[in-house]
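What follows is a single structure, written as structure tokens, with notes after it.
What follows draws every value from the coordinates through simple rules; no lab data is involved. Not measured: the values here are computed from a predicted model. Here the Cβ is made from the backbone with ideal geometry for all residues, glycine too, and neighbour counts use every protein chain on show.
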Amino acid sequence: MPAVIIDGGAIARKIRARAAQSALALAARGERPCLAVILVGNDPASLSYVGAKEKALAQAGMLSVDARLPEGSSEASVLAAIERFNGDDKVHGILVQLPLPAGLSEGRVIAAISPEKDVDGFCPVSVGNATFGRPSFLPCTPSGVMEILREIGAVVSGAHAVVVGRSCIVGRPMAMMLGARGADATVTMCHSGTRDLARHTLQADILVAAAGRPGLITADMIKPGAVVIDVGVNRVADPSRESGYRLVGDVDFEGALERASHITPVPGGVGPMTIAMLLENVAKAARERAEKKEGKQ
Ligand code: GUN
């Protein structure tokens, strides 16, 4: 039987509706959720992601402010924008769109974000807290994957989860979240240095592909009945399209359909979940601010 194709758009819509409800309730408490978005340069993919995030915020009744800095901006000017938003009481969350142009240190820039506004969950304090199981913002894409697994009723506890990719945005936090107390998967993390990748992926009850390499995971690398989550978003040339390209994941989708029990498509799988989880994190930041203020009264 071919795999069930997971409709990430439908799951994301439910979460976005919930976030919109939260935004309404928070606005009534005097905290209309607001995200500050910092974008440096003109990378077309980043421009499109930032546009989609700002549109989703508006649709959920949340505010956004942005700082668009030109290509070639100094690190000091990016840090100054972060400092301004750190000190702005109307701003609940700060997001620096990655990747930054060459020459800027992502590590230094991200570390400058106040942990209570770090809705991407990338700053060292957030990563440390999350790693130790303490309350923290969790990165949006792996959170979206966890939400998908919950939604489809996948058995995570005791399962063998294999994560392919070790980026700070997806692979590392994904492996941490799957293996955390409460999720309780046994996790293998594979990467470009892994010898005989198929030997590992064939063990996966849950396979998360997040390497950014089109076609990396072929059907013969998938354990029959596995849940396959494709986080890859790769542009491949397609002269039949007006844009000249189409988006594909890291998994050979057609082949995987015959092996997996469930699979996320690209686009329309994990992608919509990232934005939905961002809205949830912005609402959470605003809720924490409201609670702090109300507690002080
Ligand atoms: N670039 C790719 N994914 C992300 C993300 O989740 N957050 C940010 N800030 N940049 C990204």
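Quick one: putting +1 on the C-beta of Lys and Arg, -1 on the C-beta of Asp and Glu, what dipole do you get for segment 156-241 around its Cα centre, in Debye to the nearest 20?
Around 240 debye, computed over segment 156-241.
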>> Cα atoms only: what Rg and Dmax, in Å, come out for segment 1-141?
In response: 16.4, 56
>> Using a 7 Å offset from the Cα along the Cα-to-Cβ direction at both Thr194 and Ala80, what is the distance between the two label points in nm, to one decimal?
In response: 4.5 nm
> Taking the alpha-carbon set of segment 250-297, what are its Rg and Dmax in Å?
Replying inline: 19.0, 60
> Can you work out the FRET efficiency for the pair Glu254 and Arg213, with r the C-beta to C-beta distance and R0 = 22 Å, to the nearest 0.05?
Replying inline: 0.80
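Using Cα pairs under 8 angstrom and six or more residues apart, how large is the relative contact order of the chain, in percent?
Relative contact order of the chain: 23 percent.
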> When all alpha-carbon pairs of segment 1-79 are counted, what percent fall beyond 17 Å?
Replying inline: 60 percent
> Glu71 label point, 7 Å along Cα→Cβ, cut-off 16 Å on backbone N: hits in segment 21-45?
Replying inline: 39-45
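Under the definition of Cα pairs under 8 Å and six or more residues apart, what whole-number percent is the relative contact order of segment 93-144?
Once divided by the residue count of segment 93-144, the mean separation gives 29 percent.
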>> How many angstrom lie between the Cα centre of segment 1-38 and the Cα centre of segment 199-264?
In response: 26 Å
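How much net charge surrounds Ile5 when only the other residues with a Cβ under 13 Å from the Cβ of Ile5 are counted, with Lys and Arg +1 and Asp and Glu -1?
Result for the local shell: -4.
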> Just from the alpha-carbon atoms, what are the Rg and Dmax of segment 1-45 in angstroms?
Replying inline: 17.0, 52
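Hand me the trypsin sites (Lys or Arg not before Pro) from segment 1-63 located in a DSSP loop with no more than 16 other Cβ atoms within 10 Å, in residue order please.
Arg29
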> Over all distinct Cα pairs, what is the inverse of the mean 1/r for segment 188-291, reported as the Kirkwood hydrodynamic radius in Å?
Replying inline: 15.2 Å
> Dipole of the chain, Cα-centred, from +1 at each Lys and Arg C-beta and -1 at each Asp and Glu C-beta, to the nearest 20 debye?
Replying inline: 660 debye
> Any idea how far apart Val155 and Cys168 come out in nm if each label point goes 7 Å out from Cα toward Cβ?
Replying inline: 3.8 nm
> If you build the Cα gyration tensor of segment 59-200 and take the root of 5 times each eigenvalue, what three semi-axes come out, in whole angstrom, biggest first?
Replying inline: 31, 19, 13
> Placing +1 at every Lys and Arg Cβ and -1 at every Asp and Glu Cβ, with all other atoms neutral, what dipole size does segment 45-147 have around its Cα centre, in debye to the nearest 20?
Replying inline: 80 debye
> If you project the alpha carbons of the chain onto their three principal axes, what span does each projection cover, largest first, in Å?
Replying inline: 58, 42, 34
> Do any GluC sites (Glu not before Pro) in segment 50-94 lie in a DSSP loop with no more than 14 other beta carbon atoms within 10 Å, and if so, which?
Replying inline: Glu71
